[in-house]
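Single-structure report; data block below.
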């Protein structure tokens, strides 16, 4: 199977109708997108590399899903609605069965978000998946890391830590050995991008900053604080804890909750006057959110116990080059 036969067989979809935002998709030198009047383009790129981001044994369908999910999650953090995506794929060889499963997972998620494949590239090489996703958001309404304000509430969607626990379970780490592997692998390998919530939040007056949690709550919150020039108090007792994490030793539980990564939940800040509107956005998007702290005028993150006392917990987010 040659390169163009590979593309035709697995990634061209002649029977699928393109949304009106896509003027021209796969099959030309470039794609043509038509954002709605009064909107801005939001663009994000993520790369997944074998043995760095995923195990060689991962199911190809799950890998197709996750490759797009991590990009859609970036759009969610900006409050942008997806328009389309490109795929650059390096393969050690053209494995028809693997490609069929990969495309199945990829397109199932793409179709559920009305986000068609509009172009890309394929080549021979070590397995490497690079997706660029395009979205649109009303001009001036994009959620940014740099917009958090002193006094804002800090929220997180869903729960954090399960993907990290799944990773430690797969590695055979002793403290993770009692975890239920099948349930946790779903969170690691099939993350749910929170696009409906992100779009709903972008429409709420008083929602200011947002980021998706890919490298751990503490690390990603740190990016928001640095960009905004503020600090944060986080209430450890307020963090939503999955049942699988409750049986862990306290130190390891906090490591998963605060520094786990691969959660793809949204962390965002909002003025206290927006609390009712935030809960409405949560309900309309069918995505639970939890208020876990507040933005302060200081610097850095203070982790507080149930009595409001600072705790000396040493965790940090993931860094590819640390």
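FYI, it's all coordinate maths here, none of it is from the lab. All of these numbers come straight from a predicted model, not from anything done at the bench. Neighbour counts run over all protein chains shown; Cβ positions are idealised from the backbone, glycine included.
Could you state, as a whole-number percent, how many of the C-alpha pairs of the range 134-186 are farther apart than 18 Å?
Working: 794 of 1378 pairs.
Tail fraction, whole percent: 58.
Taking R0 as 45 Å, what's the FRET efficiency between residue 29 and residue 205 from their Cβ-Cβ distance, rounded to 0.05?
On the way: r = 42 Å, r/R0 = 0.94.
Calculated transfer efficiency: 0.60.
Mean separation of Cα pairs under 8 Å and 6 or more residues apart, divided by the residue count, gives the chain a relative contact order of 22 percent. Measuring from a point 7 Å past the Cα of residue 138 along Cα-to-C-beta, which residues in the range 182-221 have an amide N at less than 15 Å? Counting only backbone N, you get 198-208. Per residue, the average separation of C-alpha pairs within less than 8 Å and at least 6 apart gives the range 145-304 a relative contact order of 47 percent.
Based on the Kirkwood radius over alpha-carbon pairs, what is the Stokes-Einstein translational diffusion coefficient of the range 145-304 at 10 °C with 1.306 mPa s viscosity, in µm²/s? The partial results should precede the final answer.
Working: Rh = 15.8 Å.
Reported coefficient: 101 µm²/s.
As a proxy for reagent exposure, ranking 85, 134, 11 by other Cβ atoms within 10 Å from fewest up yields 11, 134, 85. Hey, what angle do you get for helix 60-78 against the long axis of the chain, alpha-carbon based, 0 to 90 degrees rounded to 10? In the chain, helix 60-78 runs at an angle near 60 degrees to the longest axis. Once the Cα-Cα distance is subtracted from the 0.36 nm per residue extended length, the residue 291 to residue 49 segment shows a gain of 83.7 nm.
Multiplying the sequence separation of residue 96 and residue 108 by 0.36 nm and subtracting their Cα-Cα distance, what value in nm do you get?
Result for the pair: 2.5 nm of gain on full extension.
The helix-based estimate of mean residue ellipticity at 222 nm for the chain, built from -39,500 (n - 2.57) per DSSP H run of four or more residues and divided by its residue count, is -10000 deg cm²/dmol to the nearest 500.
For the range 69-151, what is the Kirkwood hydrodynamic radius in Å, using each pair of distinct C-alpha atoms?
Details: mean 1/r = 0.0690 Å⁻¹.
It works out to 14.5 Å.
Any idea how far the Cα center of the range 201-266 sits from the one of the range 114-166, in Å? What the calculation gives is 15 Å, centre to centre.
Per residue, the convex hull spanned by the Cα atoms of the range 32-187 measures out at 144 cubic angstrom. Put simply, the range 112-156 fits an ellipsoid with semi-axes of 34, 16, 10 Å; these come from the alpha carbon gyration tensor as the roots of five times its eigenvalues, largest first. May I ask you to list the residues of the range 84-98 whose amide nitrogen lies under 13 Å from a point 7 Å from Cα along the Cα→beta-carbon direction of residue 124? What the label zone holds, given the 13 Å backbone N cut-off, is 91-95.
The order of the peptides 270-279, 296-305, 111-120, 62-71 by mean Cβ neighbours within 10 Å, most packed first, is 62-71, 111-120, 270-279, 296-305.
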